[in-house]
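The values are calculated or read from the model by the stated rules, or taken from the named source; none is laboratory data. Everything numeric here is computed off the predicted structure, so don't read it as measured data. Virtual Cβ from ideal backbone geometry, glycine too; neighbours counted across all protein chains shown.
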Amino acid sequence: MSEITLVEAVRLALARAMEEDDTVLLLGEDIGVDGGVFRATDGLIKRFGADRVMDTPLSESLFTGLAVGLGAQGFRPVVEYQFMGFIYPAIDQIVNHAGRLRNRTRGRLSCPMVIRAPYGGGIRAPEHHSESMEALFAHIPGIRVIIPSSPARAYGLLLAAIRDPDPVVFLEPKRIYRAPKEEIADDGVSAPLDHCFMLREGRDVTLVTWGAMIVEALAAAETLAAEGVEAEVIDVATLKPLDMETILSSVGRTGRCVIVHEAPLSGGVGAEIAAGLADRGLVNLLAPIRRVAGYDTVMPLSRLESSYMPTEERILRTMREVLAYA
């Protein structure tokens, strides 16, 4: 076992998948010779060759369409976008072709492709480099959406995504690409899709989040623990399809729920979780469901990011408000 970062875990999973299955191909801008913007594919072209690690033209629509065709013909393409904000030209291919292929052909064809992109803020990047638009993809029928929050979950979930018979959007929170590290055995064992991960058990309030926000959520839970309040922390991980059973079960025990995401508040996945709790868990609630999120504006540049993204202080303030209800 070796102690590695999240981005190294992504590379390890890609290499493992390519070793086990020669139909796994990588496509994207600068992923071959340069190893990708964040070096997630560093060294893979030397190991597997340019016919399996393909540098593409600067056209997201083009190489996404190519991947759809490859997926339909028996390959398992993994496409990388340099940043989530560059994925929008490929929306036509993802919505109208990748997500619909199984339904359109009545199961005759499928599209086992993985759509990878670094996402989220926290590295003081320019516009289009700090997007958190996971809700956009969660709304697309036929698309699975996964966001890992640790090296171990990145490794296991990416392997599961590559082995899945249908298209998966796999968003990698770049703020935690290189911290923290975890020991990972490169054993090829995948993690379960469509399930939340319970990161911390508690009795007083349920804290639901995903991606890099896990850092602030766990820190807030630790702060409250010192005050005698035990928060249960859930990493959603698979945003579509959503594992509401785990969340409902937790809120059934605690009676309170705070949902945290750095994406804009309106129309976010947090709203979907809140709606599910209102539909099926209302009788268990002892306080209103609250959300701590980004704002309904474009992520501001550089130092202003810290004013946009949820902080431990904002999470704590909201949790205390929820706990104050009798």
Open item on the list: Looking at Gly35, Gly71, can you tell me which residue is touching a Ser or Thr at 6+ places or on another chain (Cβ under 8 Å), at pLDDT 95 or above, surrounded by 23 or more Cβ atoms within 10 Å (Cβ to Cβ) and not hydroxyl-bearing (Ser, Thr, Tyr)?
Closed with: Gly71
TODO: Can you give me the ranges of the strands (runs of 3 or more DSSP E) entirely in the range 123-219 with at least 2 residues that are crowded, with 21+ Cβ neighbours inside 10 Å and on the phi < 0 side of the Ramachandran plot?
DONE: 144-146, 168-173, 205-209
Task: Candidate set from the range 109-122 (those that are assigned to a loop (DSSP other than H, G, I, E, B) and not aliphatic (A, V, I, L, M)); member that is surrounded by the most Cβ atoms within 10 Å (Cβ to Cβ) - done: Gly120
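How many residues are hydrophobic (A, V, I, L, M, F, W, C) and under 15 Å from Phe86 (Cα atoms) when one looks only at the range 39-59?
At the first step, the residues of the range 39-59 found to be hydrophobic (A, V, I, L, M, F, W, C) are 40, 44-45, 48, 50, 53-54, 58.
Applying the additional criterion that residues be under 15 Å from Phe86 (Cα atoms) yields 58.
Residues that pass the stated criteria total 1.
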Task: Which listed residue is modelled with pLDDT of 95 or more, closer than 20 Å to Ile176 by Cβ and of a type outside the set (Asp, Glu), from Ala217, Ala274 - done: Ala217
- [ ] Hey, could you check the range 92-103 for residues that are assigned to a helix (DSSP H, G or I) and not charged (D, E, K, R) and say which is nearest to Pro57 (Cα to Cα)?
- [x] Gln93
TODO: Scan the helices (runs of 4 or more DSSP H) fully inside the range 261-326 and keep the ones with 2 or more residues being aliphatic (A, V, I, L, M) and surrounded by 15 or more Cβ atoms within 10 Å (Cβ to Cβ).
DONE: 269-280, 312-323
- [ ] May I ask you to verify whether Arg106 is part of a loop (DSSP other than H, G, I, E, B), basic (Lys, Arg), under 19 Å from the mean Cα position of the chain (by Cα) and at positive phi?
- [x] no
- [ ] Scan the range 87-98 and give yes if some residue there is crowded, with 20+ Cβ neighbours inside 10 Å and touching an Asp or Glu at 6+ places or on another chain (Cβ under 8 Å), otherwise no.
- [x] yes
Open item on the list: Quick check on this structure: which one of Met54, Met84 is surrounded by fewer than 20 Cβ atoms within 10 Å (Cβ to Cβ) and touching a helix residue (DSSP H, G or I) at 6+ places or on another chain (Cβ under 9 Å)?
Closed with: Met54
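Condition check ((1) modelled with pLDDT of 95 or more; (2) under 11 Å from Gly211 (Cα atoms); (3) in contact with a helix residue (DSSP H, G or I) (Cβ under 6 Å, 6 or more places away or on another chain)) across all residues:
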| site | (1), (2), (3) |
| --- | --- |
| His139 | yes, no, no |
| Arg153 | yes, yes, no |
| Ala161 | yes, no, no |
| Asp164 | yes, no, no |
| Val168 | yes, no, yes |
- [ ] Look through Ala17, Ala40, Ala9 and report the one residue that is touching a Phe, Trp or Tyr at 6+ places or on another chain (Cβ under 7 Å) and surrounded by 20 or more Cβ atoms within 10 Å (Cβ to Cβ).
- [x] Ala9
Open item on the list: Let me confirm something: among Arg116, Arg108, Arg100, Arg144, which residue is in contact (Cβ under 8 Å) with a residue 24 or more places away in the chain, farther than 16 Å from Leu193 by Cβ and not aromatic (Phe, Trp, Tyr)?
Closed with: Arg100
